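Data first, discussion second: the structure below is written as structure tokens.
The values are calculated or read from the model by the stated rules, or taken from the named source; none is laboratory data. Treat the numbers as computed from the prediction; the structure is a model and nothing was measured. No Cβ is skipped: glycine too gets one built from the backbone with ideal geometry, and neighbour counts run over all protein chains shown. With ligands, DNA and RNA removed, areas are computed over all heavy atoms of the protein, side chains included. Shrake-Rupley method; radii C 1.70, N 1.55, O 1.52, S 1.80 Å.
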Amino acid sequence: MKPALSLDQQVDLMTGRGLEVVDREMATRTLFNSSYYRLSGYARQFQVSPRSATGQTFEPGTTFETVVAAHDHDEQLSALLLDALCVIERSLRARFAYHLAHQHGNQAFYLDPASYLAVTPHLSSFLDKLEGELSRARRPTVARYAVADDYSAVPVWVALEVFSFGSMSKILEYLVDDRAARAVAASYSVPWGGFTSTVHSLAVLRNTCAHHGQLWHRRLDVQTPVQRKTRRHEPAFDSQGPAPR
């Protein structure tokens with residue numbers, strides 16, 4: 001088990017690996033606010049061989065400020081993406097709720113297992129999760145329709161304002177009746193093929209940004225699919241970018 005290191009010991013560890021620290025006080029303050037573990041995800045890109053226990057020395061000339069600059073730029077990128085993703089999320093919720101309400105009425109069909117495809121991953125657990133999100137919401141709009149732990153009367157337009165982006169994207173992807181999802185795709189003038197996967201990838205990206213996850217030099221677990229007609233113009237394109245070190 002690795003022992004916990006003081007801030008000064010963390011700085012010593014990095015300088016011992018060849019990182020140049022000009023302002024030690026600034027370095028300890030930064031580590032206290034951002035943590036060594038978080039910054040190490042950026043620092044490894046400047047190490048000779050970060051995957052090797054003996055090769056974690058830094059490239060000559062690498063400074064602490066260089067690592068912090070990479071971190072700060074990533075934070076700025078995350079903030080910009082989150083702003084845009086929130087606009088997309090809000091629009092998706094509104095349009096999806098609109099079409100679902102007109103096609104299914106005001107009952108909680110989204111809690112009925114029969115509403116979902118047989119291939120829906122962990123369907124029972126997912127429905128429990130939806131009820132959990134409704135119960136934790138503690139909003140007057142939900143309480144108005146709920147009777148104790150019975151949420152079967154909560155209209156979809158209320159529920160979709162409570163559900164997480166990830167839950168909404170899963171409903172959109174796995175409902176047996178996909179008319180509403182197709183109508184949402186058409187309302188944006190985007191092809192149906194790959195639409196639900198794209199929404200899923202945006203939900204994952206949104207959560208990464210909202211929870212200050214690293215984007216720079218990190219391969220995304222779920223990525224937006226690239227259309228074949230676009231890919232043929234750049235056959236060598238890697239949507240994940242360079243492999244992280």
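Data overview
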item	result
Answer residue from segment 34-51, given it is in a loop (DSSP other than H, G, I, E, B) and open to solvent by less than 60 Å² (accessible area, probe 1.4 Å) and is farthest from His71 (Cα to Cα) among those	Ser49
Test: residue in segment 82-93 that is surrounded by fewer than 17 Cβ atoms within 10 Å (Cβ to Cβ), outside any loop (DSSP other than H, G, I, E, B) and among the acidic types (Asp, Glu)	yes
Of the criteria (1) surrounded by fewer than 19 Cβ atoms within 10 Å (Cβ to Cβ); (2) farther than 25 Å from Leu77 by Cα; (3) modelled with pLDDT of 90 or more, which one Lys229 fails	(3)
Considering residues of segment 1-10 that are in a loop (DSSP other than H, G, I, E, B) and of a type outside the set (D, E, K, R) only, the residue least open to solvent (accessible area, probe 1.4 Å)	Ser6
Among (1) loosely packed, with under 11 Cβ neighbours inside 10 Å; (2) in contact (Cβ under 8 Å) with a residue 24 or more places away in the chain; (3) within 18 Å of Leu215 (Cβ to Cβ), the one test that Gly61 misses	(3)
Residue match in segment 11-33 (condition: within 30 Å of Tyr188 (Cα to Cα), β-branched (Val, Ile, Thr), modelled with pLDDT of 95 or more and surrounded by 14 or more Cβ atoms within 10 Å (Cβ to Cβ))	no
Residues of segment 34-51 classified as more than 17 Å from Ala4 (Cβ to Cβ) and within 29 Å of the chain's Cα centre (by Cα), total	10
Wholly enclosed helices (runs of 4 or more DSSP H) of segment 121-220 bearing at least 3 residues of a type in the set (Gly, Ala, Ser), under 30 Å from Leu39 (Cβ atoms) and open to solvent by less than 40 Å² (accessible area, probe 1.4 Å)	195-210
Residue among Ala79, Ala108, Ala97, Ala70 that alone is more than 30 Å from Leu172 (Cα to Cα), touching a helix residue (DSSP H, G or I) at 6+ places or on another chain (Cβ under 8 Å) and open to solvent by less than 80 Å² (accessible area, probe 1.4 Å)	Ala70
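Each row is one residue, and each column tells you yes or no for (1) more than 21 Å from Leu202 (Cα to Cα); (2) touching a residue at least 40 places away in the same chain (Cβ under 8 Å).
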residue	(1), (2)
Leu92	no, yes
His99	no, yes
Ala114	yes, yes
Leu117	yes, yes
Thr120	no, yes
Asp128	yes, no
Leu134	yes, no
Ala137	yes, no
